[in-house]
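The values are calculated or read from the model by the stated rules, or taken from the named source; none is laboratory data. Just so we're clear, the structure is a prediction, and the values are computed from it rather than from any experiment. Every residue, glycine among them, receives a Cβ derived from its backbone with ideal geometry; neighbour counts consider all protein chains shown.
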Amino acid sequence: MKDTSSSAAEVIAFKGLPVQLGPNRAMVARNVTVGGRRTSVRLEPEMWESLQEITAREAITLHQLCTEIARQRGLSSLTAAIRAYALAYFRSAATERGHRAAGHGGLQRDEDLAAAN
């Protein structure tokens, strides 16, 4: 059984995409202007990269994107709404053909991982 009590961050790679996991994972705080008011948002580096990609594709600023997300967020926090928006944005663009081209479907199941250890 894998020890999950370690305080060190672990970097894993799946299909060439590195992902850092663990309790010491670095969050990045940035100031954004939402509806004319400056606020601070803390997100994972990958989330900030996703937002940059979205703003480039949509030809809008980060501030415009965050203002629109905040306008539609309901009762959730701004940070949670931003994460949910980014996930929904990229999920809406995902297709079966795209998943196959990216090599998705190769994650091991828990049973397979247990048998390997």
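With 91, 83 as the choices, which residue is at pLDDT below 95 and assigned to a helix (DSSP H, G or I)?
Details: 83 fails: at pLDDT below 95.
Testing whether each residue is at pLDDT below 95 and assigned to a helix (DSSP H, G or I) leaves just 91.
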Would you say residue 97 is exposed (fewer than 10 other Cβ atoms within 10 Å of the Cβ) and at pLDDT 95 or above?
no
With the condition kept exactly as written, say whether any residue in the range 60-82 is surrounded by 12 or more Cβ atoms within 10 Å (Cβ to Cβ), farther than 22 Å from residue 25 by Cβ and among the charged types (D, E, K, R).
yes
Every pair of residues 6+ apart whose Cβ atoms lie under 7 Å, when the first sits in the range 24-36 and is within 12 Å of residue 79 (Cβ to Cβ) while the second is of a type in the set (Gly, Ala, Ser) and in a strand (DSSP E or B)
29/40
